[in-house]
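What follows is a short report on a single structure.
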Amino acid sequence: MGEVRLIVIKEQILADNRKLADQLRSRLAASGAFLLNLMSSPGSGKTSLLLRTIEALRDRYRIAVVEADLDSTVDADRIAATGVPAVQLRTGGFCHVEAAMVERALECLDPAELDLIVIENVGNLICPAQSDTGAHADVAMTSVPEGDDKPLKYPLIFASCDLVIVNKIDYLSLEPFDTEAFTRRVKQLNPGAPVCKLSCRTGAGLSCWLEWLEARLISASR
Ligand code: MG
Ligand code: ZN
C-alpha cells in the first residue's frame, strides 16, 4: 500500500490565481502530463470513479491523484491503496482548489513521469466552478439520487465544464430522475459537453468516460 503525502493549506491563497493557473497548464503540457479537475457534490462518487479509472487505465498510463478535502485522508488512503501516487491537500475549511494548491501538491509528484494527474476537488457544486485549478479539462459529476434539477440550481459548473458525468444509473428505477430532462438542461447551458451516464458500482456506461479521457491523453502526449 502506498503512502499518502499530506499538505496542509494554511495561508490565504494568491489573488493572481488565473495567471498561475495558465502557467501551470503550460508547464504540465510541456512535460506531457494531462491535468484533469473532477468536481461534484459530496457523495456523487468522485473517488469511486477514480478507482474505476485507475483500474482501467493504469496498465497504459502513469496516473497520480491530488485529493482535496477539508479534513481527513480517507479518500487519499483509498487511492494510495491501489499503489497510485496520492497527495492529500487538507484545505482546512477552504471549500475549493486553487492553482497555488495544485502547485504545492505537484512538489510531491514528478509530472515528467506522469501521463495523467487528477484533482479530486472539494465536494461542492458552487465555488470549484469559479476557480481555475490549472487543469486542462474540467469534469462536472452528479448522480441519480441528487435529482435531475442540478443544472438548473448550479448552472455555472455545468456551463463551464468539458464533460458531464451522471453516476449511479443503477438507481434509475428507484429515483424520479428524468434523464432526458437532465441532458436537455445541460445542453442548454453547454451544447458542446458530452453527457456520460454510468454506474461506478456496476461498471455500466464507463466506456463513455474512459474513451473521452483516453482521447485527451492521446492528444496531450503528441
Ligand atoms: Mg471522494
Ligand atoms: Zn470555495
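Structural remarks
- Looking at the chain, the pairs of alpha carbons with a distance over 25 Å make up 35% of the total.
- Taking Cα centre as origin and charging only the Cβ of basic (Lys, Arg, +1) and acidic (Asp, Glu, -1) residues, the dipole magnitude of the chain rounds to 340 debye.
- Positive dipole terminus of the chain, leading residue within G192, L36, T91 (C-beta point charges): G192
- Sparse-neighbourhood loop sites, GluC sites (Glu not before Pro) in region 72-142 - DSSP loop, at most 12 other Cβ within 10 angstrom: E107
- Distances between every pair of Cα atoms in region 136-181, grouped in 5 Å steps from 0 to the bin holding the largest one, split as 5, 22, 31, 22, 13, 5, 1, 0 percent.
- Accessible surface of the chain [probe 1.4 Å, protein heavy atoms]: carbon and sulfur percent: 50
- Spatial offset of region 23-40 relative to region 150-222 amounts to 21 Å, using the alpha carbon center of each.
- Percent of C-alpha pairs per 5 Å bin in region 26-143, short distances first: 2, 12, 25, 27, 21, 11, 2, 0.
- Probing with 1.4 Å while keeping every protein chain in the model, the per residue accessible area of the chain equals 44 Å².
The values are calculated or read from the model by the stated rules, or taken from the named source; none is laboratory data. Quantities reported herein were computed from a predicted structural model and do not represent experimental measurements. Cβ: placed from backbone, ideal geometry, glycine included. Neighbour counts: every protein chain shown. Only protein heavy atoms, including side chains, enter the accessible area calculation; ligands, DNA and RNA are left aside. Shrake-Rupley method; radii C 1.70, N 1.55, O 1.52, S 1.80 Å.
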